[in-house]
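The values are calculated or read from the model by the stated rules, or taken from the named source; none is laboratory data. In this text the structure is predicted, and so the values were computed from the model without any measurement. For neighbour counting, all protein chains shown are included, and Cβ atoms are generated from backbone atoms with ideal geometry for every residue, glycine included.
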Amino acid sequence: MMTISGAASATIEPIRDHQLERINALLARVLPSNRFQRARIPAPAFASLQEFTARVPLTSKSELVEDQAAHPPYGSNLTYPVEHYTRMHQTSGTTGRPLRWLDTPETWNWVLDCWTRVYESASVDRGDRICFPFSFGPFLGFWAAFDAAARLGHLAISGGGMRSPGRLRLMLDNAVTVLCSTPTYALHLAEVAAAEGIDLAASQVRLIILAGEPGGGIPATRALIESRWNGARVVDHHGMTETGPVTYECPSRPGVLHIMEAAYYPEIIDPETLVPAPPGASGELVLTNLGRDAMPLIRYRTGDLVQPSSGAPCECGSCELALEGGILARADEMFVVRGVNLYPSAVEAVLRAHGGFSEFRVEIDTSHALREMRIEVEPEPDCPDPAALARALESALASAFALRVPVHCVPAGSLPRFEVKARRWLRRT
C-alpha cells in the first residue's frame, strides 16, 4: 500500500489507482453506520474517479454545521459509536459557528502520519528541538504537530500558558532549533524580542514552519520573517481541523505546496458554477479525506482558492498536485471596494513589500452604497516620518489596485496582536 510519504516520487497513475482503491475502501467502512454519508452517497463503490465525482455531491461546511446543530453535539457524520472516539477538536469559528471534530486512536495516528510528512519535507533532523509557542485550546493543528514531533523522537517544547517574552527565553534557554507558528505570531515574537532586548541572533532557531494564514505563501511576508529571525529558513504548509494536515512545501520550490495525494483526493472547481476548473485554471480546492474514516469528509469544499502548477512532475520529482503560492485566499474573504475585488493576501503582499510598519489593520465600511476601505499601520520605532510612510503605502496600493485607500499611522502598541489566526480585516456597517 502506498504510504503518505511514499507518494512524493510516484507517477500519477499509481496515485490515481491508490485514490480510487482508498475511496472504495472508505465507503465500505463508512456507509453501513454513518447516517450523514449514507444519505448522500448513491453507491457503495465506484468504477472510476470520474464516476465518483459525477455521482457524489459536494459537501459544504454549512451542511456540517447544520447537521451538528440538528444532532448535537457531534452531528450524524459518525462512523462509530461515540465511545470509540478519544479526541475532540474544533475549528476556530472565524467564518461562523465552530465545527467539532472527533478522532479515534487509529484516525489520530493517521493525522500524525500526515504531520510527519510535513516534518520530513522540511528536513527536520533527529536532533532538532521543536517549540510550539501557543496556548493549546481545542484547535487541532498544534496538538497534531506536537504529538507528531514527540512520536518522531524530537524534544517537543510547549509554550502554553506563557507570555511572549517568556516564550522567547524558553526557546533560547532550551536551544530550540525549529519553531512552529503562524506568520503573524512569528513576526510578533521578533517585535517583542526587539522591545525586550532579546537578541535573536543568539537563538539557534534555523527553521520556522508556518501555517494558519496565507502569509507563508506571500514572498514579502516570508522574507520579512526570515530577516527578523536572523536568516532562519521559512517553510509553509496548510491544513484544517476538519481535514487534518493537507500539504507540505516543495523542497525545490519555496512557496509551492504539494497536496499529500496518498492521504487526499483533490479536485479544483469553479466556486461559482461548481464545475471542474479547466486544466491549469485557479479555483476552489475540494478534498476527499482517504484515511480519517471515523468522521469522514467526502468531496468537501474547503473554501481555499488555489492555483495549480502547470508542470508535472515537479522539479522535486513529485507528481502530487502542486499549488503555486500555496493557499491564495479564502473564497469567502473577498471584498468588493468601489468595483475592485480585493483579497486580504493581495493587500498584505503590497503592504509587506513596502515595509516600514510593525502591524496593520484594515477596516471595510459597508454603511454606504459604495464600500470604503481604510488601513491603520503602526510605524516601526525608527520610522523618521510616519506621514511619509502613510503616503508611500497609499501610493503602493493605488499602483497595485487602481484604488485610493487612505492609510493612517497609529501609535505603537495600539493595534491588537494575535497568537493564532490574525483578524486584521474588520467590517463596519
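Only one of the listed residues (Gly244, Gly215) is touching a strand residue (DSSP E or B) at 6+ places or on another chain (Cβ under 9 Å) and at positive phi. That residue is Gly244. Residues in the range 119-139 that are within 17 Å of Tyr248 (Cβ to Cβ) and under 17 Å from the mean Cα position of the chain (by Cα): Tyr119, Ser121, Ala122. For the range 358-385, taking the residues that are in contact with a helix residue (DSSP H, G or I) (Cβ under 7 Å, 6 or more places away or on another chain) and not β-branched (Val, Ile, Thr), the one that is farthest from Phe335 (Cα to Cα) is identified as Cys383. Cβ-Cβ contacts under 9 Å between residues 6 or more apart (or on different chains), taken from a first residue in the range 60-88 that is without any contact (Cβ under 8 Å) to a residue 12 or more places away in the chain to a second residue that is not in a loop (DSSP other than H, G, I, E, B), are listed as Glu63/Phe36; His71/Arg35; His71/Phe36.
Of the residues making up the range 266-312, those that are more than 17 Å from Arg16 (Cβ to Cβ), β-branched (Val, Ile, Thr) and part of a strand (DSSP E or B) are Ile269, Thr302, Val306. Listed by position, the helices (runs of 4 or more DSSP H) contained in the range 46-135 that have at least 1 residues being in contact with a Gly (Cβ under 8 Å, 6 or more places away or on another chain) and under 17 Å from Thr288 (Cβ atoms) are 61-70, 105-121.
Yes/no matrix, rows are residues, columns are (1) surrounded by fewer than 16 Cβ atoms within 10 Å (Cβ to Cβ); (2) at pLDDT 95 or above; (3) at negative phi; (4) part of a loop (DSSP other than H, G, I, E, B):
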site: Glu378; (1), (2), (3), (4): no, no, yes, no
site: Ser395; (1), (2), (3), (4): yes, no, yes, no
site: Ala398; (1), (2), (3), (4): yes, no, yes, no
site: Pro411; (1), (2), (3), (4): yes, no, yes, yes
site: Leu415; (1), (2), (3), (4): no, no, yes, yes
site: Arg427; (1), (2), (3), (4): yes, no, yes, no
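For the condition modelled with pLDDT of 95 or more, over 14 Å from the mean Cα position of the chain (by Cα) and under 21 Å from Cys114 (Cβ atoms), Glu249 does not qualify.
Select from the range 45-68 the residues that are among the aliphatic types (A, V, I, L, M), within 27 Å of Glu21 (Cβ to Cβ) and under 23 Å from the mean Cα position of the chain (by Cα) and list them in ascending order. The answer is Leu58, Leu64. Within the range 263-290, the set of residues being modelled with pLDDT under 95 and touching a helix residue (DSSP H, G or I) at 6+ places or on another chain (Cβ under 7 Å) comprises Pro271 only.
Filtering the range 103-128 to residues that are surrounded by fewer than 18 Cβ atoms within 10 Å (Cβ to Cβ) and either over 27 Å from Leu297 (Cβ atoms) or of a type in the set (A, V, I, L, M, F, W, C) (or both) leaves Ser123, Asp125, Arg126, Gly127.
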